[in-house]
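Please treat every number below as a calculation from the coordinates, not as lab data. The structure displayed is predicted, hence computed values, not measured ones. Because the Cβ atoms are built from the backbone with ideal geometry, glycine has one as well, and the counts that use them run over all protein chains shown.
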Amino acid sequence: MSDAYNEIMRIAFQAEEALDESVISKFGRRFRDKQVMIREGDIQQKIFWILQGEVYITRKMEDKYKVLATLGAGELIGEMSFFDKSVRSATVIAKGDVHALEFTKENFADIYAASPMWTRRLLVSFARRIRGMVERLGQF
């Protein structure tokens with residue numbers, strides 16, 4: 001088996017425990033303050049796992065961006081269009097320096113298929129987002 005496949009399987013089954021220098025050097029990306037990680041309207045099948053820092057989830061309203069949420073370490077971002085192949089529904093902007101792992105459809109599919117833990121991680125992420133949307137809707 002290839003080294004890349006072995007790395008993916010290690011991440012799938014160990015998650016945080018698998019985050020050594022080889023994994024971070026292969027999948028890690030650094031974003032500067034105010035750097036766009038995901039742009040609303042783009043078609044892109046990448047998912048990010050935030051290791052350090054925070055990001056703004058924003059939507060463009062006329063000529064300004066409205067912050068919908070702030071997410072931090074441990075959160076997955078980009079999962080909606082990653083799975084349903086739709087255009088990006090929001091712009092994600094780094095709030096300060098951000099360090100994240102970036103997975104493509106190909107390498108994340110192996111992780112997801114190999115480990116039930118990732119199914120749980122995604123379901124928790126979806127549940128938090130839905131709960132946040134419901135709470136915000138209740139404020140109107």
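When Lys and Arg each count +1 and Asp and Glu each count -1, what net charge do the other residues less than 13 Å away from R29, Cβ to Cβ, add up to? Don't jump to the answer; show the numbers that get you there.
Values: positive: K26, R30, R32, K46; negative: D97, E102.
Net charge in that neighbourhood comes out at +2.
Order of 61-67, 81-87, 42-48, 94-100 by packing, highest average Cβ count within 10 Å first?
Answer by packing, highest mean first, reads 94-100, 42-48, 81-87, 61-67.
For Q52 and K85, FRET efficiency with R0 = 22 Å and r from the beta-carbon atoms, rounded to 0.05? Intermediate results must be reported in sequence, preceding the final value.
Working: r = 29 Å, r/R0 = 1.32.
The pair K85/Q52 has a calculated efficiency of 0.15.
If you stretched the chain out fully between D33 and E21, how much longer would it get, using 0.36 nm times the residue separation minus the C-alpha to C-alpha distance? Kindly include the intermediate steps, with their values, before the conclusion.
Values: separation 12, 0.36 × 12 = 4.32 nm, distance 2.32 nm.
This chain segment gains 2.0 nm when fully extended.
With Cβ to Cβ distances under 11 Å as the rule, what net charge do the other residues near Q52 carry (K, R +1; D, E -1)?
Working: positive: R30; negative: E54, D97.
That sum, taken over residues with Cβ under 11 Å, equals -1.
Straight distance only, please: which lysines reach the Cα of K66 with their own Cα at less than 30 Å, same-chain residues fewer than 8 apart left out?
Answer for K66, where 30 Å is the Cα cut-off: K34, K46, K85, K95, K105, listed by chain and number.
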